[in-house]
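The values are calculated or read from the model by the stated rules, or taken from the named source; none is laboratory data. Small disclaimer: the values here were computed from a predicted structure and weren't measured. Because the Cβ atoms are built from the backbone with ideal geometry, glycine has one as well, and the counts that use them run over all protein chains shown.
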């Protein structure tokens with residue numbers, strides 16, 4: 001794979017130019033040969049969200065994605081997914097189990113090599129993090 005700028009383009013020496021596959025598809029994360037196409041990143045992202053949306057807080061009839069409990073999802077070049085998540089309250093009865101549920105769900109996504117779930121409480125969760133879908137489901141207007 002070779003990255004080339006369009007004819008006549010001036011690219012500063014310190015600018016990274018994305019690699020392009022032979023078919024012209026832009027690739028992401030080409031260090032050590034683990035490149036992703038934009039389509040694959042989109043598919044993996046959609047599949048990760050779908051997997052997370054299968055997990056429900058046992059006390060609230062809304063999935064944890066719509067509740068706003070997922071703070072960050074990073075797809076690394078080595079295909080590791082790193083997730084920062086929280087709970088509605090630090091004393092949640094499933095505090096030890098929910099990260100394992102998230103790990104297991106995301107690990108089932110095709111193309112993922114590893115999953116790391118970190119529990120964070122800063123910033124603390126509050127109802128403003130819920131999606132409109134969650135607010136409607138809970139009648140929180």
Confirm whether residue 113 is in contact (Cβ under 8 Å) with a residue 24 or more places away in the chain, exposed (fewer than 12 other Cβ atoms within 10 Å of the Cβ), within 20 Å of the chain's Cα centre (by Cα) and on the phi < 0 side of the Ramachandran plot. yes
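Yes/no matrix, rows are residues, columns are (1) buried (at least 17 other Cβ atoms within 10 Å of the Cβ); (2) under 14 Å from the mean Cα position of the chain (by Cα); (3) closer than 23 Å to residue 140 by Cα; (4) modelled with pLDDT under 95:
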position: 33; (1), (2), (3), (4): no, no, no, yes
position: 63; (1), (2), (3), (4): yes, no, yes, no
position: 84; (1), (2), (3), (4): no, yes, no, no
position: 87; (1), (2), (3), (4): yes, no, yes, yes
position: 90; (1), (2), (3), (4): no, no, yes, yes
position: 100; (1), (2), (3), (4): no, no, no, no
position: 105; (1), (2), (3), (4): yes, yes, no, no
position: 117; (1), (2), (3), (4): yes, yes, no, no
Single unsatisfied condition, residue 82 versus (1) part of a helix (DSSP H, G or I); (2) out of contact with any helix residue (DSSP H, G or I) (no Cβ under 9 Å at 6 or more places or on another chain): (1)
Please determine, by comparing only the residues of region 35-61 that are modelled with pLDDT of 95 or more and assigned to a loop (DSSP other than H, G, I, E, B), which one is farthest from residue 125 (Cα to Cα). 54
